[in-house]
Amino acid sequence: MNILTLVRQVPDAEARVKISQQAVDLDGTTLVVDGMDEYGVEEALRMRESGAGVEQIIALAIGPKRNEDALRTALAMGVDRAIHVETNEQFDAVTLSKVVAQVAQAENVGLILVGGQEADWDSQALGAASAERLGWPQLTWTNELKLDGDTLSGRHDVDDGNESFRVTLPAVVTTQQGLNEPRYPTLPNIMKAKKKELRKDDAASYGLQARVRTVGAEIQTRARRNTMIDGKDPQAAAAQLLELLRNEAKVLA
Amino acid sequence: MILIVAEHAAGKLGKATLEMVTAARESGREGPITVLVLGQNVSAIATEAAAVADQVLVADLPQLATYNAETWAAAATQIAQEGEAHTVIIGGSRSGREYAPRVAVKLDAPYLEDVTSLKASGAALQGQRYTYLARVTETVEAEGPVVVVTVKPGSFAAATPAGAAGEQYDVELTLPAPRVEITGKSVEKSSRVALTEADVIVTGGRGVGSPENFSKYVEGLADALGAGVGATRAVVDAGWRPYAEQVGQTGKTVQPGAYIALGVSGAVQHLSGMGKSKNIIAINKDAEAPIFKVADYGIVGDINEIVPALIEASKR
Ligand SMILES: Cc1cc2nc3c(=O)[nH]c(=O)nc-3n(C[C@H](O)[C@H](O)[C@H](O)COP(=O)(O)OP(=O)(O)OC[C@H]3O[C@@H](n4cnc5c(N)ncnc54)[C@H](O)[C@@H]3O)c2cc1C
């Protein structure tokens, strides 16, 4: 069985985001592999290392040229080959799932691993939409996974707690913090990765048509009162805070 | 029609459903506001929903006793098609954002995810959503015979009855057999208000010092104020608190009236989950802590001294 892992290159969490012409401008911004996706890459590698019948692990990125770096990182972590569907057009997650589904079918994939939420678009839709296009079940927000033959079991978060589950592959799984600790690529592996295949696919061949338009973007800063209270006299500070919360902010009865 | 899929838990209609009704009313989209209630033994929930909707469709079936992404997606899709819905509104909960994309694919509809506003703009439906760890607000729009939307919890006021209660109708559904087998479930029970429903939240960070102090100070203050309890990832990773309480990028997103952060540094990943709170109150001994930059009220001081005084004073 082959595993498909999705990776994206996103701004570093601490990087400043700026807007120009009603859109987020990433020029000069420090970019990194989306941390949520790294959990998926790591988990695929661990499944193979634990002796599950994993033939190939393929990393897929869809988007601008910068995503090559995310694919190089995945290759250096240990995936076997990479596919980059390069496009500068911004597609929503439901549209992008068309590419994921087509690649999964062409590459004979039995399991897709993708980050639970994207650190740039804050979207959680790619995994679920890909699963629907393929007619596969999905497990989201997983924090424990075990592959035994074609049975995948594990644990994931749900609205009111967490569940243990079992499912027969094929399936789509979204990953999150707590699943594992992603490895750092070692220098020898970074060197080896340079020789691995990074295939470029033509986005046009996937028949994409963006369905969601972004018509504006703004940096969100809510004006805050920034009223500072001196904490040297704890009783006085506590009384003053409660008074402000009751009578100025009106958030306490 | 506008189709809203109800969120409910423990036999009660969730606040999220009332918020979705407001989103539908404010959207300017025409047609009856229809709430679909999926579950088992849901007649009381349907009656609650009828108070705010033009009509309520009820699927009271054993197969719907527990949520499943594939079943829910099939049910919502079938009703949207039969009722010729032009707008399908689903809650922005973990489960809502899990099955809504499947509905969008099934209906071949564009999907506006986790919006905080909703309005018709010509033929298009327009919404705002937070991106880049909630640091950016983007305005997005889509058009089509039908558009699927999830609504971020806490973004709209809860709807109150406007006019007579809507009629209730039973619906028949053809549902797929769930393929995911649930082998165990652990419900994180809390005697407190759920974080996403709480109007006041007290959150503890590593600065609280220990699990014992967390109980004493964070839970103590929450009890005194009738508030929900939150935690930072540092606290969850240290095993002091359950993951269900984590607020942030990889935890819950909350927007209470008041968010009281005790010993929380204010890392971007934390801010992305609570930065939209109406009032942020921070207590931290480090005057330079980034949390103060987003605070409405801040006390520079030691948790061990300030919080007991606060608990004492709030009881008066
Ligand atoms: C991919 C990723 C996802 C993440 N997701 C999340 C998330 O969802 N939620 C989240 O919270 N974090 C998340 N983080 C972690 C985040 O970056 C921070 O590490 C974390 O929020 C810090 O928690 P903290 O503020 O409790 O601890 P610290 O950063 O250790 O801060 C403790 C604070 O307490 C103060 N303090 C200490 N003692 C006292 C005292 N006696 N009285 C008063 N103040 C005191 C200190 O001055 C300090 O400001 C994520 C990180 C990554 C990389």
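Annotations for the structure displayed:
- Helical content of chain A, expressed as a calculated mean residue ellipticity at 222 nm, amounts to -8000 deg cm²/dmol (DSSP H runs of 4 or more residues, -39,500 (n - 2.57) each, divided by residue number, nearest 500).
- Dipole size of segment B:126-232 about its Cα centre, with +1 on Lys/Arg Cβ and -1 on Asp/Glu Cβ: approximately 520 debye, rounded to the nearest 20.
- Other protein chain C-beta atoms within 10 Å of residue C-beta, averaged over A:106-114: 0.
- Accessible surface of B:GLU219 - all protein chains present, 1.4 Å probe, nearest 10 Å²: 40
- Net +/- balance of residues flanking B:SER43 in space, Cβ distance below 13 Å, scoring K and R +1, D and E -1: -2
- Each residue of segment A:10-24 was assigned a 3J(HN,Hα) from its phi angle through the Karplus expression (A = 6.51, B = -1.76, C = 1.60, θ = phi - 60°), giving 10, x, 4, 3, 7, 5, 7, 9, 10, 10, 9, 6, 6, 9, 5 Hz with x at Gly and Pro.
- Percent carbon-and-sulfur accessible area, the protein assembly as shown, ignoring ligands, DNA and RNA, probe 1.4 Å: 48
- Working note: Karplus 6.51/-1.76/1.60 with θ = phi - 60° gives segment B:284-299 the couplings 8, 7, 9, 4, 8, 4, x, 4, 5, 5, 9, 8, 7, 9, x, 10 Hz, where Gly and Pro are set to x.
- Chain A: most fluctuating residue of A:GLY63, A:GLY51, A:GLY40 per GNM, C-alpha cutoff 10 Å: A:GLY51
- Proximal lysines relative to A:LYS250, as straight alpha-carbon distance under 29 Å, when same-chain residues fewer than 8 apart are discounted: A:LYS232, B:LYS12, B:LYS15, B:LYS152, B:LYS216, B:LYS252, B:LYS276, B:LYS278, B:LYS285, B:LYS293, B:LYS315
- Each principal axis of segment B:136-238 carries a Cα extent, and these read 54, 40, 35 Å when sorted largest first.
- Averaging Cα coordinates gives a centre for segment B:41-59 and one for segment B:214-265; these two points are 34 Å apart.
- Fully extended contour minus Cα-Cα distance, from B:GLU84 to B:THR174, at 0.36 nm per residue: 30.7 nm
- Separation between Cα centres of segment A:25-63 and segment B:172-202, rounded to whole Å: 29
- Selected from B:ASP296, B:ASP114, B:ASP54 as most flexible by GNM, with chain B as the system and alpha-carbon contacts under 10 Å: B:ASP296
- Taking B:LYS278, A:LYS194 and ordering them by how much accessible surface each has at a 1.4 Å probe, largest first, produces A:LYS194, B:LYS278.
- Each stretch of four or more DSSP H residues adds -39500 (n - 2.57); spread over every residue of chain B, this sum gives -7500 deg cm²/dmol at 222 nm.
- For segment B:1-118, the residue among B:PRO110, B:HIS8, B:GLY83 whose Cα projects farthest onto the positive side of the dipole built from Cβ charges is B:HIS8.
- For B:GLU82, the accessible surface of its heavy atoms amounts to roughly 120 Å² (probe 1.4 Å, protein chains only, rounded to the nearest 10).
- Ordering B:TYR217, B:LEU64, B:ALA227 by Cα displacement along the dipole of chain B toward the positive end leaves B:TYR217 in first place; charges were set at the Cβ atoms of Lys, Arg (+1) and Asp, Glu (-1).
- The protein assembly as shown - charge dipole about Cα centre, Lys and Arg +1 at Cβ, Asp and Glu -1, debye rounded to 20: 880
- Overall, chain A carries a charge dipole of about 420 debye about its Cα centre when +1 sits on the Cβ of Lys and Arg and -1 on the Cβ of Asp and Glu, all other atoms neutral.
- Accessible surface comparison of B:LYS15, A:LYS65, B:LYS252, probe 1.4 Å, protein chains only, largest first: the order is A:LYS65, B:LYS15, B:LYS252.
- Karplus-derived HN-Hα couplings along segment A:168-175 (A = 6.51, B = -1.76, C = 1.60, θ = phi - 60°), whole Hz, x at Gly and Pro: 8, 5, x, 7, 10, 10, 9, 10
- Most mobile of A:ALA171, A:ALA131, A:ALA204 in a GNM of chain A (Cα contacts under 10 Å): A:ALA204
- Percent of C-alpha pairs per 5 Å bin in segment B:1-144, short distances first: 2, 10, 20, 24, 22, 13, 6, 3, 0.
- The lysines within cross-link reach of A:LYS65, meaning a Cα-to-Cα straight distance under 24 Å and a gap of 8 or more places when in the same chain, are A:LYS18, A:LYS98, A:LYS192, A:LYS194, A:LYS195, A:LYS196, A:LYS200.
- Computed with a 1.4 Å probe over protein heavy atoms only, the accessible area of A:MET36 comes to about 10 Å².
- Number of partner chain Cβ atoms within 10 Å, mean per residue of B:291-298: 6
- A dipole drawn for chain B from +1 and -1 charges on Cβ atoms has a positive end, and of B:GLN126, B:PRO153, B:GLN40 the residue lying farthest that way is B:PRO153.
- Tilt relative to chain B, helix B:94-107 - C-alpha long axis, 0 to 90 degrees, to 10: 30
- The alpha carbons of chain B occupy a box of 61, 43, 39 Å along the principal axes, longest dimension given first.
- A cut-off under 12 angstrom between Cβ atoms defines the neighbours of A:ILE219, and their net charge, with Lys, Arg +1 and Asp, Glu -1, is +1.
- Residues with amide H under 5 Å from that of A:THR5, placed H, sequence gap 5 or more: A:ILE58, A:ALA59, A:LEU60, A:LEU113
- The H on the amide N of B:ALA9, modeled in the peptide plane, is under 5 Å from the matching H of B:GLY14, each at least 5 residues off or on a different chain.
- For A:128-140, mean number of other protein chain Cβ atoms within 10 Å: 6
The values are calculated or read from the model by the stated rules, or taken from the named source; none is laboratory data. Just so we're clear, the structure is a prediction, and the values are computed from it rather than from any experiment. When we count neighbours, we look across all protein chains shown, and the Cβ atoms used for this are built from the backbone with ideal geometry, even at glycine. Note: areas computed on protein heavy atoms with side chains; ligands, DNA, RNA excluded. Shrake-Rupley method; radii C 1.70, N 1.55, O 1.52, S 1.80 Å.
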